[in-house]
Every structure is written in C-alpha cells, then in structure tokens.
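As structure tokens, the structure follows; a few thoughts come after it.
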Amino acid sequence: MVKVGLTGGIGAGKSEVSRLLASYGAVVVDADKIAREVVEPGTPGLAAVVEEFGESVLTPDGTLDRPKLGGIVFNDPEKLKALNAIVHPLVGARSAELEASAGPDAVVVHDVPLLTENGLAPLYDTVVVVDAAPQTQLDRLVRLRGMAEDEAKSRMAAQATREQRLAIADLVIDNDGPLEALEPQVRAVWERLRGA
C-alpha cells in the first residue's frame, strides 16, 4: 500500500486532481467528506457538537447548520479548538477504517485540505501538492465559485502559504493553466505512485 497525502490551497484544483486519481484506480479518502459524514443526524459526532455549542447550531430538520457553526468558531480560536477536538478524532478513525479496507496493493490518496497546517506530512509515504498562483486561486474562487473577493482573500489568508505547502511536497502538480494541461500531469504522478 502506498499512502499519499494530497493537499493544495483553496481554489488550486485539488478536487479535480482527486477525481482524476480516483478515475485511475486510487482509493480516495476525502477528509472534508468524512467531516460532513461524522456529524450527520443520529451520529455521536453531531450529539457532541450540540452538547458543546447548543441546539442553536441545528437547522429545523435537525441537521448541522454549518454556516451558523462556522460563524461561531471561525472568530473564536478556543471554540474552533473545541470543535476540532470533537471532529478530528472521528475523521481520523473513519479514514483509518477506509484505508484498512483498501487492500495491500492500493494507492490510498488522503485528500486533506489542512495537511500542511496540521503538520500531517509525516503520516504519508508521499505528499502531493496541487499548486496555483494566489491570483489564479482568487480568480477561480470569485469567477467559478461566486465568492465575494473579500471572502475569498480571507479564506486564502487563513490557510498555509504557498511556500509552506511547497516545502512539504514530494511531488507538485502545477495547476495554473487550463484544465486540459492538468490531466497529463496527474497521469504522470499516478504512474510514479504506482511505481513507488
């Protein structure tokens, strides 16, 4: 088994790289997706979040009101720390389950947005960074995701810098260009991972 950590700044194109790797046969473990699953209605994760932050973080149908919770935690480091203490162990446990079920010859790609920020590089055999210039990221967030420029800049500033991400990279995928330039690079990285 080859354990790969895949990361990149917001708007760099990590999701597209993840999708391509999955299409080649990688087992993708998506930390963001798992983070949503572990706080779905009826889960111990959601119960713990409600116990910590109160019923006001629920929508009328009993699901987690992510924007409301985000508004609470992203302006208060202590509250963010409390949320992470609930969610991160659950995500870690589920990720380990998915990895264990992948099989001995699998290439397991852990899609982890905050890999750099959380110092997780040593957990992987190879770290792949999807890189794009900050101006490219900003353009994609505003043009493709419809974010306000101030919000996009704020999200980018909250993440590791480009230099910090590149410093932990074993392999870099340059995604500054058009989509058709991405696929050959991802294919080449896949071939290297298969040979690892």
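Just so it is clear, none of the values below were taken in a lab; they were calculated from the coordinates. For clarity, every value in this text was computed on a predicted model and none was experimentally measured. Counting neighbours? That spans all protein chains shown, and the Cβs are built from the backbone with ideal geometry, glycine included.
What do you get for trypsin sites (Lys or Arg not before Pro) in the stretch 135-196 restricted to DSSP loop and a cutoff of at most 16 other Cβ within 10 Å of the site's Cβ?
ARG145
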Roughly what % of Cα-Cα distances in the stretch 1-88 sit above 16 Å, to the whole percent? 61 percent
The stretch 1-110: chymotrypsin sites (Phe, Trp or Tyr not before Pro) in DSSP coil with no more than 15 other Cβ atoms inside 10 Å: PHE74
Cα-Cα pairs of the stretch 137-196 separated by more than 14 Å (percent): 67 percent
Working from the pairwise distances between different alpha carbons, so that the mean of 1/r is found and then inverted, what is the stretch 1-41's Kirkwood radius in Å? 11.6 Å
For the stretch 83-196, how big is the tail of P(r) above 22 Å, as a whole percent of Cα pairs? 46 percent
Label-reachable residues, the stretch 106-131, where backbone N falls under 15 Å from a point 7 Å from ALA167's Cα toward its Cβ: 115-122
I need the calculated FRET efficiency for the pair THR63 and GLU191, taking r as the beta carbon distance and R₀ as 35 Å, to the nearest 0.05. 0.25
Local net charge near LEU166, Cβ-Cβ under 15 Å (Lys/Arg +1, Asp/Glu -1): -3
Specify, per residue and in Å³, the volume enclosed by the convex hull of the alpha carbon atoms belonging to the chain. 129 Å³
Counting only DSSP beta bridges with both residues in the stretch 4-132, tell me the antiparallel percent, nearest 5. 10 percent
Taking the Cα-to-Cβ direction at ALA100 and at LYS79 and moving 7 Å from each Cα, how far apart do the two end points lie in nm? 3.5 nm
